[in-house]
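Below: one structure, written as structure tokens.
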Amino acid sequence: LLGIKDPLRPQAKQTVKELLGAGIKLVVVTGDHKDTAIRIASEVGLPASEQNVITGIQLDKMSDEELELRIENITIFARVEPKHKIRIVNAFKNVGRAVAMIGDGVNDAPALKAADIGVALGSGSDVSHEIADMVLLDNNLSSIDAAVREGRTIFENIRKMIVFLMARSFSEIVMIAGAILCGFPLPLFATQIFWINMVGHGFTHLALIKEPEEHDIMKRAPLSKYEPILNYDMKFMIFLIGIITDFGLFGMYVFLLKINMPIDRIRTIIFTALACDALFFVFAVKNFKKSIFKIDLFNNAWLIWAVAAGFVLQLCALYVPFLKDLFQATDLSLAEWGIILGLSLIKITGIEVAKDWLRRKS
């Protein structure tokens with residue numbers, strides 16, 4: 001009696017565990033006997049019993065509606081034919097799942113095409129390569145795990161950059177529009193606005209793209225495929241909190257006018273406060289789930305260098321003679337630097353309060 005077994009890859013069990021922990025449902029679709037499929041599935045940690053298996057013969061006797069009612073409880077499809085694979089893909093899609101189908105043969109092409117993401121093995125046929133959206137050159141499931149991890153990190157970083165840019169973009173608008181509507185002197189010159197955008201946004205938003213993955217990124221439930229990039233929580237932080245804190249900054253500008261502080265000195269304070277505000281605020285959007293006090297603020301060297309460069313450039317604008325004249329800046333006292341620090345922390349405080357409220361709400 002000769003027994004032959006195609007051994008599992010050493011990392012297969014750990015990969016399956018990570019994908020299941022990420023809320024991804026894994027399904028075995030095979031032409032092998034169901035006992036073989038159950039054994040392999042159990043070895044990698046998938047739910048594997050008679051209750052979790054449907055064979056091709058059973059599929060032929062089921063309507064599409066019956067399949068959709070049962071499909072969420074099935075992890076193994078055994079003794080299937082090519083015609084069954086496309087039914088399985090469509091059934092998962094019809095119950096709201098985003099489906100990735102892995103295949104290698106010519107007969108897998110229809111199912112690869114029907115899936116949201118068709119994945120062909122590198123050792124597969126040329127037809128499967130042409131049809132698929134992704135080709136696994138190493139034939140390794142762990143590459144999909146790595147792709148999911150990277151994709152989630154990229155998506156989160158895009159969100160962080162959008163919140164940072166949009167929440168900051170209203171500051172100058174509120175300051176200038178408020179001053180014009182109230183008949184006050186302009187709080188900023190055009191050259192100062194340009195400098196703030198370059199110093200506060202020019203490097204930091206690019207550095208956000210290099211944010212490393214959050215430690216629990218593979219322990220979160222998958223987002224719906226209809227999930228917008230700007231969800232409710234992000235809009236709340238951008239528009240409500242962002243604008244409210246900007247009005248707080250404008251209120252400080254009005255107060256400084258009322259106490260008859262020289263306008264050049266007020267402009268220097270507002271100019272510096274807005275630049276520093278952007279450089280401090282970027283740390284508040286490093287993580288939407290956790291407080292700024294519970295995250296590693298120094299795990300992104302690109303961001304640290306970008307913020308440091310921003311502060312150096314802003315100090316140059318205040319203390320290098322030709323730049324100081326260009327921006328019509330004045331010398332600042334320690335008390336005024338204290339005001340600037342306080343103004344810079346307004347938006348961070350607002351975002352942190354919003355994050356805490358949203359965490360409690362959810």
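List of remarks:
- Crossing angle, helix 334-361 versus the chain [Cα axis fit, 0-90 degrees, rounded to tens]: 30
- Length added when fully stretched, Phe247-Leu341, from 0.36 nm per residue minus Cα-Cα: 32.2 nm
- Using the Karplus relation 6.51 cos²θ - 1.76 cosθ + 1.60 with θ = phi - 60°, the per-residue 3J(HN,Hα) values for segment 174-182 come to 4, 5, 5, 4, x, 5, 5, 5, 8 Hz, with x marking Gly and Pro.
- Peptide ranges 173-179, 331-337 listed from the most packed, as the mean C-beta count within 10 angstrom indicates: 173-179, 331-337
- Extension gain, Ser169 to Asp35: 0.36 nm times the residue separation minus the Cα-Cα distance gives 42.2 nm.
- Candidate values [x] 181; [y] 150; [z] 211, label of the one derived for volume of the Cα convex hull per residue in Å³: [x]
- Segment 14-123 shape via C-alpha gyration tensor axes, a/c threshold 1.5: rounded
- Principal-axis analysis of the Cα atoms of the chain puts helix 301-319 at an angle of about 10° to the longest axis.
- Considering only Cα atoms, the convex hull volume of segment 177-245 works out to 149 Å³ per residue.
- Computed [θ] at 222 nm, deg cm²/dmol, the chain (DSSP H ≥ 4; -39,500 (n - 2.57); rounded to nearest 500): -18000 deg cm²/dmol
- Proximity of backbone amide H atoms, modeled 1.01 Å from N, is registered between Val28 and Ile76, Phe77 at under 5 Å, excluding neighbours fewer than 5 places apart on the same chain.
- Computed E for Leu69/Phe239 - FRET, C-beta separation, R0 45 angstrom, nearest 0.05: 0.60
- Between amide H atoms placed 1.01 Å from N, distances below 5 Å from Leu136 occur with Ala120, Leu121, Gly122, all of them 5 or more places distant or on a separate chain.
- Across Lys289, Lys258, the residue with the most accessible area heads the list, and the full order at a 1.4 Å probe is Lys258, Lys289.
- Calculated FRET efficiency for the pair Glu227/Lys258, C-beta based, R₀ 51 Å, to 0.05: 0.65
- Taken along the Cα-to-beta-carbon direction at a fixed 7 Å, the label points for Trp357 and Ala308 span 3.7 nm.
- If the chain linking Asp126 and Lys13 were pulled fully straight, counting 0.36 nm for each residue of separation and taking away their Cα-Cα distance, it would gain 37.8 nm.
- Distance between segment 1-27 and segment 203-278 - C-alpha centres, whole angstrom: 44
- Accessible area per residue for segment 160-237, computed on protein heavy atoms with a 1.4 Å probe, is 50 Å².
- Cα-based shape type of segment 236-275, given that a ≥ b ≥ c are square roots of the gyration tensor eigenvalues and the cut on a/c is 1.5: oblate
- Annotation: lysines with alpha-carbon distance below 21 angstrom to Lys286 (same-chain offsets under eight excluded): Lys160, Lys210, Lys219, Lys235, Lys294, Lys347, Lys355, Lys361.
- Label sites at Asp116 and Leu315, each approximated as a point 7 angstrom past Cα along Cα to Cβ, lie 4.9 nm apart.
- Under 12 Å, Cβ to Cβ, from Leu343 - net charge with Lys/Arg +1 and Asp/Glu -1: -2
- Computed from the Cβ-Cβ distance with R0 of 22 Å, the FRET efficiency linking Ala147 to Val106 stands at 0.35.
- Table column - 3J(HN,Hα) (Hz), segment 277-283, Karplus curve with 6.51, -1.76, 1.60, x for Gly and Pro: 4, 5, 6, 7, 4, 4, 6
- Restricting the calculation to Cα atoms, segment 144-210 yields a radius of gyration followed by a Dmax of 17.1, 59 Å.
- By accessible area, using a 1.4 Å probe on protein heavy atoms only, the chain has 64% of its surface on carbon and sulfur.
- Sequentially through segment 259-271, phi angles give Karplus couplings (6.51, -1.76, 1.60; θ = phi - 60°) of 8, 6, 6, x, 4, 5, 5, 5, 4, 5, 5, 5, 4 Hz, Gly and Pro residues having no value and appearing as x.
The values are calculated or read from the model by the stated rules, or taken from the named source; none is laboratory data. Worth saying up front: this structure is predicted, and the values here are computed from it rather than measured. Methodologically, a virtual Cβ is constructed for each residue, glycine included, from the backbone with ideal geometry; neighbour enumeration extends over all protein chains shown. Side chains are part of the model used for accessible areas, which takes the heavy atoms of the whole protein and leaves out ligands, DNA and RNA. Shrake-Rupley method; radii C 1.70, N 1.55, O 1.52, S 1.80 Å.
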